[in-house]
Amino acid sequence: MKFFIDTANLDEIRKAMDWGVLDGVTTNPTLLGKEVEKTHRKPNDILKDICELVPGSVSAEGISLDTDGIVKEGEELAKIHPNICIKVPMTPEGVKAIRILRSKGIKVNTTLVFSCNQALIAAKAGTNYISPFIGRLDDIGQNGMELISEIIIMLENYDFDTEVLVASVRHPLHVVEATQLGADICTIPFKVLNLMFKHPLTDKGIKSFLKDWERAKEFMPR
Ligand code: E4P
């Protein structure tokens, strides 16, 4: 499974890069907007820095809703770096934009996917990634992980090349469940990535190994 980080915060991205487990980044207008607010920097400059930090796919999203606007913004964003992948919303106008962007050699991540039918349409349009937002489905009482399972079966049945990018991940169990279903990618918030390291028995084990070694040192020949 590939790990993407779901943030536009450079410190978080640097830390995850240092761990050596990062394959890519996803941003959205909310995440990028937060960093613009904090740093007063231009959004495209932040995206450029992200691309220079991470040698993998970096999803960037515009704000247009009509096909021409989505394509135009996508083309501009794609100029920032070859690893930029354009997030396109799952709408009829967005689906038209997927085909056009793909025909120009620009990678596409179809975002805000909440049903298997939407995923099928995006795959047929030639999207590279499909992003089902599982946490937002859980929030309204639907099982987000069931959607991941349906989409994986659908893509396998028809041999699509599209990758499933599990998005709106809220906790480590979401990641575990995604691995059991064989999802290609999880985009994980920094907080959740951090939690994935933790287990109280690991901390307890380290403490007792160190304590036992300290005691043994008293008996070591000098
Ligand atoms: C994915 O690409 C989105 O940026 C993200 O996962 C949305 O998650 P949220 O539902 O926590 O906002």
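Would you point out which residue out of ILE70, ILE80, ILE46, ILE50 is more than 14 Å from THR27 (Cβ to Cβ), at pLDDT 95 or above and either crowded, with 16+ Cβ neighbours inside 10 Å or touching a Leu at 6+ places or on another chain (Cβ under 8 Å) (or both)?
ILE70
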Legend entry - helices (runs of 4 or more DSSP H) wholly inside segment 104-222 containing at least 1 residues that are buried (at least 21 other Cβ atoms within 10 Å of the Cβ): 116-125, 134-139, 144-157, 172-181, 190-195
Inset, instruction - Kindly indicate which of LYS96, LYS87 is within 16 Å of the ligand (Cβ to nearest atom) and modelled with pLDDT of 95 or more. - result: LYS87
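Can you tell me which residue among THR7, THR26, THR30 is open to solvent by 70 Å² or more (accessible area, probe 1.4 Å) and within 13 Å of the ligand (Cβ to nearest atom)?
Numbers: THR7 fails: open to solvent by 70 Å² or more (accessible area, probe 1.4 Å); THR26 fails: open to solvent by 70 Å² or more (accessible area, probe 1.4 Å).
Of THR7, THR26, THR30, the one residue that is open to solvent by 70 Å² or more (accessible area, probe 1.4 Å) and within 13 Å of the ligand (Cβ to nearest atom) is THR30.
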Legend entry - Residue count for segment 12-23, restricted to those that are touching a helix residue (DSSP H, G or I) at 6+ places or on another chain (Cβ under 9 Å) and either open to solvent by less than 50 Å² (accessible area, probe 1.4 Å) or modelled with pLDDT of 95 or more (or both): 8
Legend entry - Neighbours by Cβ (under 9 Å, 6+ apart or cross-chain): first from segment 166-187, touching a residue at least 24 places away in the same chain (Cβ under 8 Å) and more than 15 Å from ASN143 (Cβ to Cβ); second more than 12 Å from the ligand (Cβ to nearest atom) and of a type in the set (Lys, Arg): PRO172/LYS198; ASP184/LYS2; ILE185/LYS2; CYS186/LYS2
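Quick grid of which residues meet (1) touching a strand residue (DSSP E or B) at 6+ places or on another chain (Cβ under 8 Å); (2) more than 16 Å from the ligand (Cβ to nearest atom); (3) more than 26 Å from VAL176 (Cβ to Cβ):
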| residue | (1), (2), (3) |
| --- | --- |
| LYS48 | no, yes, yes |
| ILE63 | no, no, yes |
| THR111 | yes, no, no |
| ILE130 | yes, no, no |
| GLN142 | no, no, no |
Inset, instruction - Would you check if there is a residue in segment 155-169 being farther than 15 Å from ASN128 by Cα and touching a Gly at 6+ places or on another chain (Cβ under 9 Å)? - result: yes
Inset, instruction - Give the number of residues within segment 83-103 that are in contact with a Cys (Cβ under 8 Å, 6 or more places away or on another chain) and either closer than 25 Å to GLN142 by Cβ or open to solvent by 30 Å² or more (accessible area, probe 1.4 Å) (or both). - result: 1
Inset, instruction - Return a yes/no flag: does segment 28-42 have any residue that is in contact with a Leu (Cβ under 7 Å, 6 or more places away or on another chain) and within 20 Å of PRO82 (Cα to Cα). - result: no
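The values are calculated or read from the model by the stated rules, or taken from the named source; none is laboratory data. What you see is a predicted model, and the numbers here were worked out from it, not measured in a lab. For neighbour counting, all protein chains shown are included, and Cβ atoms are generated from backbone atoms with ideal geometry for every residue, glycine included. All accessible areas refer to the heavy atoms of the entire protein, side chains included, with ligands and DNA or RNA removed. Shrake-Rupley method; radii C 1.70, N 1.55, O 1.52, S 1.80 Å.
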